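Down below is the structure, laid out as structure tokens.
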Amino acid sequence: MKIIHLNTYDGHGIGGAAVLRLNKSLKQLGANSVAICLHKFDAQPNVKAISGTILGRVKATLSTFAERYLSKALVKRTKIGFSAQRFGCAVVQNPLIKNADVIHIHWINDGFLSPKFLAQLDELEKPIVWTFYDSSAFTGGCHDHQGCEHYHKECGLCPMLKISGKNDFSHQTWLRKKKAYSELNCHIVASDNLIAGAVKLSSLMGFREVTMIPNSIATNVFKPYLKTEAKKVLKISPDKFVVMIGSMSFQDDIFSDRSYLMEALNDLASRPGLDKGEIELVVLRNKTNVEFPFKTTFLGEISNDEHLAKCYSAADIFLVSSVTEQLPNGVIESLSCATPVVAFKKGEVQQMIKHLENGYLAECGSTEDLATGVEWLYHDENTPDIQKEARRMILTEFSEPVIAEKHLLLYQSLIDLQPK
């Protein structure tokens, strides 16, 4: 089976790492899998740049910059991404794409495939799979609709745009996508249930079939290390009960709420059944002026995944205080390193954490219950079993071979539906 993956970046940006893991895993299962990217930065043998010429790379760079600057000029200051999707590159004549059995589209914003160039792929009459990592494909441009329901109809009156109205830029983009999608036959893959649900509500894609296949995790990298040794790496006493906090818990934006974290920690510190001196916080970020009720170690920004895995392994628990429905990467990575997770019972986290089996799901918004989750593991005598279950769940549901096999089954089912 010849599979071509299309993604803007190779290992960078949205979907980049997921594409490379899937591409590698498919190769290991015997498929002829190649990723084609608009921008190739690393020397990956099974990753090709859309153009190998200097002129082609210049055009790709100009397309990306034009797309970014236009998007930036249109939207208000916000940390939510927005893609104008006006610029792109024609790929339909690429020999690898023309000879493929399956074309798998991933994240193709930032000047790679605009709606017009997407529609051209249908001319090849091949099965097309399109994985959504955010909302950009089925909205008027925003990467996260954040509760806005305008994409249920025709977008317009976009809250993200500087100039908003019924016929604003988001509505015009919606119209362009509607025209292109009417010419494109594709099967949608959602990387999580939240995206799958949003797709079903969208006017652009709601009528299409959706398969939910999560992103895989590199379980050979994010793996358990002996906790006593991992704590020594971080210069923490092996006798400490370590509570790890991800950097997402501190962002001053709509994706998290610091107050929940602080209330839970202060509640935990006041409980008579805990020895405050036995608990140490480990924070995945640089030092902050926030005063915590426990001794705290700041790890700074970690770019090496193997070291990050040792940091997760050093923790006895990973605490997530976000009340949004997004699934932090730290939840999956922590569980893969056999470190249980305590989080609010909300959104995708519920799909990962099995209450009292590999972690604790607190009632959403209840900081008292969040603290109870930490205290539960602090006292629980079955901690080794809980840690084993955390790792087992990731291996059986999110490992690279498992996710690659799910894709192969989907590809084959679509090939079988093709006219003979």
Would you confirm whether or not region 276-290 contains a residue that is under 18 Å from Ala315 (Cα atoms), assigned to a strand (DSSP E or B) and open to solvent by 20 Å² or more (accessible area, probe 1.4 Å)? no
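Could you tell me which of the residues Asp239, Asp252 is open to solvent by 50 Å² or more (accessible area, probe 1.4 Å) and modelled with pLDDT under 90?
Asp252
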When you scan region 125-138, do you find a residue that is without any contact (Cβ under 8 Å) to a residue 60 or more places away in the chain, open to solvent by less than 40 Å² (accessible area, probe 1.4 Å) and part of a loop (DSSP other than H, G, I, E, B), even just one? no
Can you tell me which of (1) open to solvent by less than 60 Å² (accessible area, probe 1.4 Å); (2) under 25 Å from Leu261 (Cα atoms) is the one Lys346 doesn't meet? (1)
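Residues that are open to solvent by less than 20 Å² (accessible area, probe 1.4 Å) and touching a helix residue (DSSP H, G or I) at 6+ places or on another chain (Cβ under 8 Å): list the strands (runs of 3 or more DSSP E) wholly contained in region 1-109 that include at least 3 such residues. Let's see the steps before the verdict.
Values: elements: 2-9, 32-39, 47-49, 102-105.
Hits in region 1-109: 2-9, 32-39, 102-105.
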Restricting to region 185-214, give me the number of residues that are polar (S, T, N, Q), touching a strand residue (DSSP E or B) at 6+ places or on another chain (Cβ under 7 Å) and open to solvent by 20 Å² or more (accessible area, probe 1.4 Å). 3
Checking the conditions here, which among Leu113, Leu118 is of a type in the set (A, V, I, L, M), touching a helix residue (DSSP H, G or I) at 6+ places or on another chain (Cβ under 6 Å) and open to solvent by less than 30 Å² (accessible area, probe 1.4 Å)? Leu118
Considering residues that are crowded, with 17+ Cβ neighbours inside 10 Å and either in a helix (DSSP H, G or I) or free of Cβ contacts under 8 Å to residues at least 12 places away in the same chain (or both), the number found within region 261-275 is 7
Exactly one of (1) among the β-branched types (Val, Ile, Thr); (2) modelled with pLDDT under 95; (3) more than 24 Å from Ser203 (Cβ to Cβ) is unmet by Ile97. Its number? (2)
Only residues that are buried (at least 17 other Cβ atoms within 10 Å of the Cβ) and without any contact (Cβ under 8 Å) to a residue 60 or more places away in the chain: list them for region 169-184, please. Ser170, His171, Trp174
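Looking at region 351-378 only, could you name the residues that are of a type outside the set (Asp, Glu) and open to solvent by 30 Å² or more (accessible area, probe 1.4 Å)? Quick ask: steps written out before the conclusion?
Our first condition is that a residue be of a type outside the set (Asp, Glu); within region 351-378, this holds for 351-356, 358-362, 364-367, 370-374, 376-378.
Of everything in region 351-378, those that are of a type outside the set (Asp, Glu) and open to solvent by 30 Å² or more (accessible area, probe 1.4 Å) turn out to be Gln351, Lys354, His355, Leu356, Cys364, Gly365, Ser366, Thr372, Trp376, Tyr378.
From the list Glu368, Glu405, exactly one residue is touching a residue at least 60 places away in the same chain (Cβ under 8 Å) and farther than 28 Å from Ala18 by Cβ. Which is it? Write out each step before concluding.
Values: Glu405 fails: farther than 28 Å from Ala18 by Cβ.
The conditions single out Glu368.
Quick grid of which residues meet (1) over 30 Å from Ser336 (Cα atoms); (2) not β-branched (Val, Ile, Thr):
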position	(1), (2)
Gln146	no, yes
Leu157	yes, yes
Gln172	yes, yes
Leu184	yes, yes
Ser191	no, yes
Phe207	yes, yes
Val210	no, no
Lys227	no, yes
Ile245	no, no
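The values are calculated or read from the model by the stated rules, or taken from the named source; none is laboratory data. Model, not experiment: these values are computed from the prediction. Please note: Cβ atoms are built from the backbone with ideal geometry, for glycine as well, and neighbour counts cover all protein chains shown. All accessible areas refer to the heavy atoms of the entire protein, side chains included, with ligands and DNA or RNA removed. Shrake-Rupley method; radii C 1.70, N 1.55, O 1.52, S 1.80 Å.
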